[in-house]
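> One structure follows; several queries about it will come next.
The values are calculated or read from the model by the stated rules, or taken from the named source; none is laboratory data. Keep in mind that what you see is a predicted model, and the values were worked out from it rather than measured. With ideal geometry, Cβ positions are generated from the backbone for all residues, glycine too; neighbour counts draw on all protein chains shown.
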Amino acid sequence: MESKTGGLSSDEKQRQAAAEIARRKVLQSYEKQEMDWKKYHTAWQDYYQKYYSQYYMNAAKEYVAKNQVKQIREDASQKEMAEKYGAKTPAQIVSNEVEEDAKDREKSFKERIQTRAMEKAKSSRRRKLTPIFMGLAVALVILFLQYNRLIFAPIAAYVSPGESPAGEITAVDPTVTLTKVSAENKLIIPKLNVDVPLNFGVDLSGVMEAMNRGVVHYRINGASAYPGEIGNFVVMGHSAGDIYSANQYKFIFSGLERLEEGDIMYVHYNSVRYTYKMVGRDIIWPTEVSKLVINTDKPMMTLVTCWPLGTSRQRLLISAEQIAPVAEDAVAQEEVAETPAKETELPQNEDTLFDRIRKWLFGE
């Protein structure tokens, strides 16, 4: 250290000067960096200020626009409601809405009451009508059970009362008479497709039951002839019965009304075929049994059934004359003195529902 220079050597002074220079450079560099950082910070502040200022400005504009649109819609809605309800203020509109809603509820309530009242009325009418309908249904069933034969007998008359194949019946040769045929006794009417068992030897009390097995030889005093005998050979058969009846022969004579004079019929009896030709018809009352007694010197046959179809009110008689074998070979009929005609009533169709009820009630 030297006294003249403040106690510092020249080297020390140089070092101090260099350090001062370095310090100043550092300070300058720091001041420069600080100034650059401030500029950077200021730039970002300016950027964010401008960005958010623009963002909030746009948001404010959008909010204002939405509010304006909302206000416009509300004004339009209020105007529409005002036109609808005749009001000019929101309070009036609300009042009208409340009033309209009350009216709607009242109307709906009235409609529900009316609907329920109508349903109850309909239900009440149905309850009142149900016995009537049930009564009508029962009445219709009873009427059907009683009168169904009026419907089905005419149908059977024009369909085919018999059940035999038509070819077998129409193939019968009328010229064949004395040639031996089947031992089964039966009546054949080709025109009606009838080929039915013929029951002989039946008492008057058993005629109705025997007609469930076919047709029946009916014998009374003065009309008791058998096939081939001089006199009247009488054959009884049903023309109608209930459709639900088990009797398969209930419609067997329903087609007799279709026969005309000259039509041919056949009877097989004791293995001999007898041929008859229709010569007339008549309608009598059930008590006119004497009409079956005819004064003749020829073998005759009379088919008897109930008439009109479906009823037992009268009797239809179909008269036929035996044409083969020839009449010269005929013998006289046997008299049946114990069954005089005047004390007899002709059989009828099967009992109807009311007939069965009446007989059940009175024990007939």
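> If I ask for residues that are outside any loop (DSSP other than H, G, I, E, B), surrounded by fewer than 16 Cβ atoms within 10 Å (Cβ to Cβ) and β-branched (Val, Ile, Thr), which ones from region 280-300 would you list?
283
> If only one of 81, 134, 118 is in a helix (DSSP H, G or I) and at pLDDT below 75, which one is it?
The unique qualifying residue is 81.
> Considering only residues that are assigned to a loop (DSSP other than H, G, I, E, B), surrounded by 17 or more Cβ atoms within 10 Å (Cβ to Cβ) and of a type in the set (D, E, K, R), look in region 238-262 and name the one that is nearest to the chain's Cα centre (by Cα).
For region 238-262, the residue satisfying everything is 242.
> Would you please list the contacts, defined by Cβ atoms under 8 Å and residues six or more apart or on different chains, that run from a residue in region 225-247 that is more than 15 Å from residue 277 (Cα to Cα) and without any contact (Cβ under 8 Å) to a residue 60 or more places away in the chain to a residue that is of a type in the set (Gly, Ala, Ser) and part of a loop (DSSP other than H, G, I, E, B)?
none
> Quick one: in region 312-349, which of the residues that are at pLDDT 90 or above and either out of contact with any strand residue (DSSP E or B) (no Cβ under 8 Å at 6 or more places or on another chain) or hydroxyl-bearing (Ser, Thr, Tyr) (or both) is farthest from residue 233 (Cα to Cα)?
Only one residue fits best here, namely 312.
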